[in-house]
4 protein chains.
Amino acid sequence: MGRRKSRFLRKPVEPFVVMPDVTADNLLERMERISFQGRNLATARRIWEKMLASDATIFLGTAGALSAGGMRMILAHLIEHRYIDCLVSTGANLYHDLHETRGRRHFIGTPQLDDAALAAERIDRVYDTLASEDEFCKNDEWIAAFVLKLERRPYTSREFLYKLGEHLWNETGNRGILTAAYQAKVPIFCPAIADSSIGMGLSQARHRDQTAGYVDVIGDIIESANVVIRRPSTATIVLGGGTPKNFINQASVQAEFYDDRVGGHKFAIQIVTDAPYYGGASGSSLEEAQSWGKLSIESEKVTVHCDVTIALPLLATALDTTSKDTVHKRKRPEFDPSGRLLVVNGHTLADNRYQEP
Amino acid sequence: MGRRKSRFLRKPVEPFVVMPDVTADNLLERMERISFQGRNLATARRIWEKMLASDATIFLGTAGALSAGGMRMILAHLIEHRYIDCLVSTGANLYHDLHETRGRRHFIGTPQLDDAALAAERIDRVYDTLASEDEFCKNDEWIAAFVLKLERRPYTSREFLYKLGEHLWNETGNRGILTAAYQAKVPIFCPAIADSSIGMGLSQARHRDQTAGYVDVIGDIIESANVVIRRPSTATIVLGGGTPKNFINQASVQAEFYDDRVGGHKFAIQIVTDAPYYGGASGSSLEEAQSWGKLSIESEKVTVHCDVTIALPLLATALDTTSKDTVHKRKRPEFDPSGRLLVVNGHTLADNRYQEP
Amino acid sequence: MGRRKSRFLRKPVEPFVVMPDVTADNLLERMERISFQGRNLATARRIWEKMLASDATIFLGTAGALSAGGMRMILAHLIEHRYIDCLVSTGANLYHDLHETRGRRHFIGTPQLDDAALAAERIDRVYDTLASEDEFCKNDEWIAAFVLKLERRPYTSREFLYKLGEHLWNETGNRGILTAAYQAKVPIFCPAIADSSIGMGLSQARHRDQTAGYVDVIGDIIESANVVIRRPSTATIVLGGGTPKNFINQASVQAEFYDDRVGGHKFAIQIVTDAPYYGGASGSSLEEAQSWGKLSIESEKVTVHCDVTIALPLLATALDTTSKDTVHKRKRPEFDPSGRLLVVNGHTLADNRYQEP
Amino acid sequence: MGRRKSRFLRKPVEPFVVMPDVTADNLLERMERISFQGRNLATARRIWEKMLASDATIFLGTAGALSAGGMRMILAHLIEHRYIDCLVSTGANLYHDLHETRGRRHFIGTPQLDDAALAAERIDRVYDTLASEDEFCKNDEWIAAFVLKLERRPYTSREFLYKLGEHLWNETGNRGILTAAYQAKVPIFCPAIADSSIGMGLSQARHRDQTAGYVDVIGDIIESANVVIRRPSTATIVLGGGTPKNFINQASVQAEFYDDRVGGHKFAIQIVTDAPYYGGASGSSLEEAQSWGKLSIESEKVTVHCDVTIALPLLATALDTTSKDTVHKRKRPEFDPSGRLLVVNGHTLADNRYQEP
């Protein structure tokens, strides 16, 4: 042992020591020097803190049944306090949020329930969670009725969801993802809106009036890339993978395609349960994303292989404890998502062409 | 042991016996009496055979990097010979298909490659597979140029992809997913087209002409549900999960919403690598789908937990060996996907309202 | 909505609400009404509390690189404060614990390190964690030297590990799993000791003296079953699966085989990352364990699909906050693991025959 | 496109083309140029072929419920025809093999069965597979009776399992893993024998005679390392991970510890379903194994992430078609595992000390 230590053996693992009354932020702090996914989750907190202290515009992508599973008020909190700047979501998460904001509930079940019995009672199951199909049908009608009040022109999903949040807020006054985003003027993109019950509600509006229910998802591509082009730097936080993960990365690739000064997201966190070795996008590694220019080669990044329903409550609680000041002072973009064109810091972005920064 | 055998212990496991020169179909036949995912894969073959022998319209959903990963000519084969009737795909699978149909290639790599070195050479990595970013940019431009030739009106993804396949065929004469679907008149839906490089190509057309590049993904919802409403029965085969899995199920739910004689898909196969216990749609169980009415309570169904690049070559080869006659005789729907409205067996479906069967 | 609610829809999901300064126990309390693995982790806490409040003897099984990964002082804490009564471990966890108790360290690395470079410097990698192979060799020699001091007769792994812990304590005075178990008189079983560096150390003692290094692992089977037979009830907590999971269950099955009043473990928690659908024991469900009588049909049980390095720090911190009193008052067994035969509450168990309760 | 192609883009992916009547070997041949786990499985075939053409002694490790799941006659085939030279197995695989060789069966079930109903009928479930607990109890007694006929001295698991195979063959004349290994003189190691029903049978012998049922698992460590030390090169094939995976690697590490001319296994195949990023040994990467010297830095190696019940029937059928000649001609070691000491090519290995090559 007289020899000098290897350069590889510099920073010892510090075993986690149990103590009572430890808060979430302290817990994560003491997990930074352990191994495996515990260390990665602790690292995710630090990278999120760095995002907040930087000039990065922070995209959050949400896939998986987060709203049905009890995560929606965490997402609302992150939006309201601007731990993030722009949400990209599956339609399902927005729909199940709307369901609860409208006063309906999801219910505790188990994965062993008899699905024939549930079907007979018109109850829909999401793993260990239940909801009433009749209430879902009412939501769809509510959405269709709202859609019929809109102008007869294509809306980007971003504009449509702003107006949906506004209507929901006016009607219910309840907090949730859509209403928080409305109030905080945080844009929401939903590129796969056609694959969700919100899409079904739009289609039911069309059923009544064939000029209703047009969503311009191609406009969303342009607008999201224009956000990236115009910001000094960007960051991505992905919960669950899916279309939001790729859409956020695509914004970066498309932006770089137009303006090669854009060099990929500067920070990246992903909390996923898919494995990389099957080749699918949800599980793909952040290293691979660097080859595409989705992430900067110098980006700080971490993948946490964990269910979001464990990782996110811990992470959000820790951030809320230690980062309120940072969030208050941060150089965040100010959006106005209320119109046909998205406005960032007073500058109107095009939805129909890529724009110089 | 004098007692009567339990009703549970009727059908013994038959150990797989090794023999030389065994063909894929025989291999699967002899895997029907083993356990775990081997049995499930063998069962998938039998259920697919039953689909082909029934009057079911068969939806195939494809997510994950199947085209980049060498599966595209299997999908083309399934389309050409009508082992399936309607494709629902992620944009990426269609885009990487187009890349090869245009004569470009994907390349063999490894997951250990240095992504900074790849980025420096403008090479994009998908796990162990590589492609040239410059070639991708050329594809995007090619798509944009095509889009600019189209009428200035919203196209459903189904109509747009038919025309894209037609153009690709006329220009290249090469086989592939898009060109096979064009020739076999198999409709393709791509509900998340905005989350793909095809979407990026559409957006680049819009960049040049702001009236170009409108995709009516809400029309896709209506059209896909109308296919279900008008068919005596339907079946779903899902490779990889993602938006195609849910979109196919949604068609069934939306159809039942409109016409309660529709009772969910009658057959279901899914080959997925995601686990059900995280609550996400990709890994969700087929039992759970029954609670929603996505699948019939009496449906025959199987989940195979396996990478598609192992399961599909085996499955497709087996079907091609034993089911050519069945496929030839099957009661399949005849589509005409060439126009604004989809035609099934001579009947024109609406894209703007749900229609009586 | 006028109709009566279904019996299935009684207990709503309560969205998790973010607040600062929340402690681990409060975090878990507020995760009881969410879904998926978050709910399961919160349930695990409640079931562990019930174990502690009952008369159950609590077995803990540990597999995976927990000690190398920074979990060893949590395990030491659980042993010292008797949150558990009997440890069943892989050899690796005990070996990596011994490594640190002897003053050596594991180090922070990354999974992307160049393994040829590590091999050249004689550094061993466990995913993102590193250690010196030369130090490991010294441990092996240290173990061999200790083994040569023992009597020349077979030792159960339980007796051997007690003496190893004693020697380690006498030499180092440092806390750790082995030394905590020595001091708290908590027995440790290591059924797969031959598959570990502790086994390698034993074999190196044999290399020097062919009468040394005999471990009686069959005696461990008898002794562990005798613990179950003589206790009013038992409970199992499994971290990671592996041989410890099955060995704890086997004790229950073997006990019932001998005395049919034993009805399986009354409580069960498992925190695993393997999936059930491949048929392996590590991922097998707790429901399946009931068919074997490993668990009682009435047992309270939960599976948490999560990396232990995330779940355990949270769980142990919560228990340490709320359950100190319960632990203090609990009806725990008092072991004397110092001799050839294990003593429980003054009663000597046989290691060579199954004994009446 | 005028520029020279990158060095990274040399070998294109060749899309798999569907054809009827394709045999398993041809299937794998055509999967070598696809991606992801399909390519890896095809590569595993090639590496196994290279093992057979080399002078390597081939270790096979088997974990997971392979015998219950219908894989036991494949393993018997691999042993009989010497596709492998030495088996390292969990006890469960040998026990469930013995169950069928004795004329009992496992049965087809489903994972949805009611485990309380199964328990009431004394039926044990392994995911989708069932067996009679009464028959299992009879096996345990049969093993115990056999053990009581042995000399009263410790047996290595290798010697014990040889004699168990011999007894089973003499009594039943049936093929299976244990009887094939007996006849082909292929040694079997079972380092975790205490964690299995074979161990339970041994313990029941001890219950009747306290001098019976001693297994010298430390002797197994020495003997397995001595096999490695004395062979020109070695190879490892791992199915499922678990203790066999590590035990085979440990033999290599221990051998190198004694004789530094041993440089780790020269070829490695693992077919596993565990992920590497949780730090456990079952899922650990083959690259990581190189840092430890378990594998040579120059080793040819591949990991296939797939259920063995899909991968193995395909792989074994392919090998049986194309490699009969290679197997016939290979430079394989000739073992005599019948005595207290293992004999390799006429040379007797010690079980109590490491031996010069």
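For segment B:330-345, filtered to residues that are open to solvent by 70 Å² or more (accessible area, probe 1.4 Å) and at pLDDT 95 or above, the residue that is farthest from B:K185 (Cα to Cα) is B:R340.
Restricting A:A76, A:A44, A:A65 to residues that are touching a strand residue (DSSP E or B) at 6+ places or on another chain (Cβ under 8 Å) and assigned to a helix (DSSP H, G or I) narrows the list to A:A44. Looking only at segment C:311-329, residues that are exposed (fewer than 15 other Cβ atoms within 10 Å of the Cβ) and acidic (D, E) come to 1 in all.
In segment C:20-32, the residue that is farthest from the chain's Cα centre (by Cα) out of those that are facing another protein chain (nearest Cβ under 7 Å) and in a loop (DSSP other than H, G, I, E, B) is C:P20.
For segment A:269-279, a residue qualifies if it is without any contact (Cβ under 8 Å) to a residue 60 or more places away in the chain and more than 10 Å from chain B (Cβ to nearest Cβ), and exactly one does: A:Q270. For segment B:154-173, the count of residues that are aliphatic (A, V, I, L, M) and open to solvent by 20 Å² or more (accessible area, probe 1.4 Å) is zero.
Has segment D:262-282 got at least one residue that is open to solvent by less than 20 Å² (accessible area, probe 1.4 Å) and among the acidic types (D, E)? Within segment D:262-282, not a single residue is open to solvent by less than 20 Å² (accessible area, probe 1.4 Å) and among the acidic types (D, E). Return only the number of the condition from (1) in contact (Cβ under 8 Å) with a residue 60 or more places away in the chain; (2) more than 17 Å from B:R231 (Cα to Cα) that B:A350 does not satisfy. The one condition B:A350 does not meet is (2).
In this entry, C:D25 passes the filter for residues that are in contact with a Pro (Cβ under 9 Å, 6 or more places away or on another chain) and closer than 22 Å to C:L315 by Cβ. Are any residues in segment A:257-287 in contact with a Leu (Cβ under 9 Å, 6 or more places away or on another chain), within 17 Å of B:D114 (Cβ to Cβ) and either among the charged types (D, E, K, R) or assigned to a loop (DSSP other than H, G, I, E, B) (or both), and if so, which ones? Matches in segment A:257-287: A:G264, A:E287. Of the listed requirements (1) under 26 Å from D:N40 (Cβ atoms); (2) out of contact with any strand residue (DSSP E or B) (no Cβ under 6 Å at 6 or more places or on another chain), B:L118 misses just one: (2).
Checked against (1) more than 7 Å from chain A (Cβ to nearest Cβ); (2) open to solvent by 10 Å² or more (accessible area, probe 1.4 Å), C:P12 passes all but condition (1). For the condition touching a residue at least 24 places away in the same chain (Cβ under 8 Å) and within 18 Å of D:S54 (Cβ to Cβ), D:R230 qualifies. Just to be sure, is A:L66 touching a Lys or Arg at 6+ places or on another chain (Cβ under 9 Å), within 11 Å of chain C (Cβ to nearest Cβ) and in contact (Cβ under 8 Å) with a residue 60 or more places away in the chain? Yes; evaluated as a whole, the condition is true for this residue. Restricting attention to segment C:209-256, the residues being acidic (D, E), part of a helix (DSSP H, G or I) and either open to solvent by less than 10 Å² (accessible area, probe 1.4 Å) or modelled with pLDDT of 95 or more (or both) number 2.
Take C:T90 and tell me if it is in contact with a Cys (Cβ under 8 Å, 6 or more places away or on another chain), open to solvent by 10 Å² or more (accessible area, probe 1.4 Å) and modelled with pLDDT of 95 or more. Here the answer is yes, as C:T90 does meet what is asked. The single condition from (1) over 19 Å from B:G38 (Cα atoms); (2) in contact with a Lys or Arg (Cβ under 6 Å, 6 or more places away or on another chain) that B:S338 fails is (2). Here is the figure for segment B:227-249: residues that are more than 11 Å from B:A268 (Cα to Cα) and in contact with a Lys or Arg (Cβ under 7 Å, 6 or more places away or on another chain) total 1.
Checking each residue in segment B:288-309 for being touching a residue at least 60 places away in the same chain (Cβ under 8 Å), part of a strand (DSSP E or B) and polar (S, T, N, Q) picks out only B:T303.
Name every residue in segment C:69-80 that is within 9 Å of chain A (Cβ to nearest Cβ) and either of a type outside the set (G, A, S) or farther than 17 Å from C:G242 by Cβ (or both), in order of residue number. Break it down stepwise before answering.
Applying the first criterion (within 9 Å of chain A (Cβ to nearest Cβ)) to segment C:69-80 yields C:69-74, C:76-78.
Across segment C:69-80, the qualifying residues are C:G70, C:M71, C:R72, C:M73, C:I74, C:A76, C:H77, C:L78.
Select from segment C:126-150 the residues that are within 11 Å of chain A (Cβ to nearest Cβ) and among the charged types (D, E, K, R) and write down the one among them that is farthest from the chain's Cα centre (by Cα). By that ranking, first place goes to C:D134.
Starting from residues that are acidic (D, E) and either within 25 Å of the chain's Cα centre (by Cα) or at the interface with chain B (Cβ under 9 Å from one of its Cβ atoms) (or both), keep the ones in segment D:109-125 and report whichever is surrounded by the most Cβ atoms within 10 Å (Cβ to Cβ). My answer is D:D124. All of (1) β-branched (V, I, T); (2) under 20 Å from the mean Cα position of the chain (by Cα); (3) facing chain B (nearest Cβ under 9 Å) hold for A:T211 with one exception: (2).
Among the residues of segment A:285-310, those that are open to solvent by less than 20 Å² (accessible area, probe 1.4 Å) and within 19 Å of the chain's Cα centre (by Cα) comprise A:L286, A:A289, A:L295, A:V302, A:V304, A:H305, A:C306, A:D307, A:V308, A:T309, A:I310.
Selection of segment C:174-191 for residues being part of a helix (DSSP H, G or I) and either open to solvent by 10 Å² or more (accessible area, probe 1.4 Å) or modelled with pLDDT under 95 (or both) yields C:Y182, C:Q183, C:A184. Of the residues in segment B:100-108, none is within 25 Å of A:P191 (Cα to Cα) and crowded, with 24+ Cβ neighbours inside 10 Å.
The values are calculated or read from the model by the stated rules, or taken from the named source; none is laboratory data. None of these values were measured; they are calculated from a predicted model. Counting neighbours? That spans all protein chains shown, and the Cβs are built from the backbone with ideal geometry, glycine included. Quick note on the areas: whole protein, heavy atoms, side chains included, nothing else; ligands and nucleic acids left out. Shrake-Rupley method; radii C 1.70, N 1.55, O 1.52, S 1.80 Å.
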